[in-house]
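Single-structure report; data block below.
The values are calculated or read from the model by the stated rules, or taken from the named source; none is laboratory data. This is a predicted model, so every value here is computed, not measured. All Cβ positions, glycine included, derive from the backbone under ideal geometry; neighbour counts span all protein chains shown.
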Amino acid sequence: MALPNRHLVLVAVLGLSLVVAWVSGRLLDQRANAANVAQASEPERPPPANIAAPTATPSAPAEPSRPLLRAPVRRGDSLSTIFQRHGLAERDLQLVVSSGPLGKRLRTIHPGHEFEFERDENGNLVHMKYRLGQLDTVEFDRVGEVFKATQVAHQPDLLTRYKHGVIKQSLFLACQRLGLDDAFALRLAEIFQWDIDFILDIRAGDEFHVLFQERFLNDERIGFGHILAVEFVNQGDVYQAVRYEDATGHARYFTPDGRNMQKAFLRAPVTFTRISSNFNLRRVHPLWKSSMPHRGIDYAAPTGTTVKAAGDGRVVTMSKTAANGRYIVLQHGQRYQTKYLHLSRFARDLRVGKTVRQAQTIGYVGATGWATGPHLHYEFLVDGVHKNPRTVDLPAAEPIAEAERRNFQLKTALPLAELERSKSTSDLAVEAAR
Ligand SMILES: [Zn+2]
């Protein structure tokens, strides 16, 4: 069982009162939502059965039957081809497309989008719905000889969830067992990418506790929301992160005491993928590892895996030698230099002298030069001296701004308290099962 955080008691007291406020707030929200739904569905309810007009008597239906057409966008479709396929008038097409700025969005339709058309008795388009996803719809209503476009944004309901995972083979498989998809695993890894090398440093027995949102629309689960708070235990070291959205709406992850998760250098300059994580189980050892002093780290990864700039910097070398193959050297400020060897190719547009941002793609894994298999050989130098990038002390990034600190504490107390509470419940459950 992990040692409880020293601030936990304080946080828990503060958290408890917030939990009460939050839960009651959520209940109110749900009730308000239910009320809205009830109101909205009111006018559509069929009129009460009339004894004087039994169903056997044929009578004109209250609503004129308007043929409703559903048209999913197919590969290569434009709105024009969809209109033709469904026998809709060219004139109506012109009218919806010219219905202001929202009409312009019809120029870039994609498979996965969907249209719904409603026509009157004469076959004229009177209403068109353009669904760009589960949360985004644009509706076009005919008003005489023009169409009025309105954007309908659906607000999903958010449910807070907690999961505890233990890694046996890989982070991906641990997530999969919990019903968390690959994209979720990658987001989790991204939060800790400045502290943990997810390609080389993950071990069986590493574990995580994660508090996150799930999004629902009309009681249907539509996906994951934000990761709110998370703890990752890597080889016995405990890392915690909490999501905080600052006054400008910019969201980042911080440690519970407000230190930035972001640092000047990434731990691993290779994109972590499901393939590379499996690939590494069969590590390749470069030929010269045993015969020459090895001053870098080798990341075995499939050819073509993205190589990222470890930090903000400038390209000082982009070249090819018999030993290094295609390689890049980046300069970061006065003191730091990073080198990337054996690349299959360089990123397009990369030139000597250009500046690069942290995590920007600079090249792709290959096996050029002296290499027995595809891998990235990575070197990290401080003042011209090779250092181990996985253990070297790195310059700290800006902590939470003083002006934001109070708000940070207020906003993060609840998710942190909820994470701790869930952790202790799950620990009890595990102990009970033993
Ligand atoms: Zn190497």
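Does Ser344 fit the bill of being away from the ligand (no atom under 16 Å from the Cβ), of a type in the set (Gly, Ala, Ser) and within 29 Å of the chain's Cα centre (by Cα)?
Considered against the rule, which asks whether it is away from the ligand (no atom under 16 Å from the Cβ), of a type in the set (Gly, Ala, Ser) and within 29 Å of the chain's Cα centre (by Cα), Ser344 comes out as no.
Got a sec? Which strands (runs of 3 or more DSSP E) wholly within the stretch 62-175 have at least 1 residues that are closer than 30 Å to Asp206 by Cα and at pLDDT 90 or above?
On the way: elements: 68-72, 114-119, 125-131, 136-143, 146-153, 157-166.
Output list reads 157-166.
Of the conditions (1) closer than 27 Å to Leu158 by Cα; (2) assigned to a strand (DSSP E or B); (3) at pLDDT 95 or above, Gly223 satisfies every one except a single condition; which number is it?
Condition (3) is where Gly223 drops out.
Going by the structure shown, is Ala309 away from the ligand (no atom under 16 Å from the Cβ), under 25 Å from the mean Cα position of the chain (by Cα) and among the small types (Gly, Ala, Ser)?
So Ala309 fits the description; yes.
Just to confirm my filter: which strands (runs of 3 or more DSSP E) fall fully inside the stretch 302-390 and include at least 3 residues that are assigned by TED's automatic domain parsing to the domain that holds Phe198 and acidic (Asp, Glu)?
none
Among the numbered criteria (1) over 28 Å from the mean Cα position of the chain (by Cα); (2) at pLDDT 95 or above, which one does Tyr364 miss?
Only one criterion is unmet by Tyr364, namely (1).
Of the residues Tyr336, Tyr327, only one is more than 16 Å from the ligand (Cβ to nearest atom), among the hydroxyl-bearing types (Ser, Thr, Tyr), buried (at least 16 other Cβ atoms within 10 Å of the Cβ) and over 12 Å from Val270 (Cα atoms); which?
Selected residue: Tyr336, the only one of Tyr336, Tyr327 that is more than 16 Å from the ligand (Cβ to nearest atom), among the hydroxyl-bearing types (Ser, Thr, Tyr), buried (at least 16 other Cβ atoms within 10 Å of the Cβ) and over 12 Å from Val270 (Cα atoms).
Got at least one residue in the stretch 276-286 being surrounded by 13 or more Cβ atoms within 10 Å (Cβ to Cβ), modelled with pLDDT under 60 and over 32 Å from the mean Cα position of the chain (by Cα)?
yes
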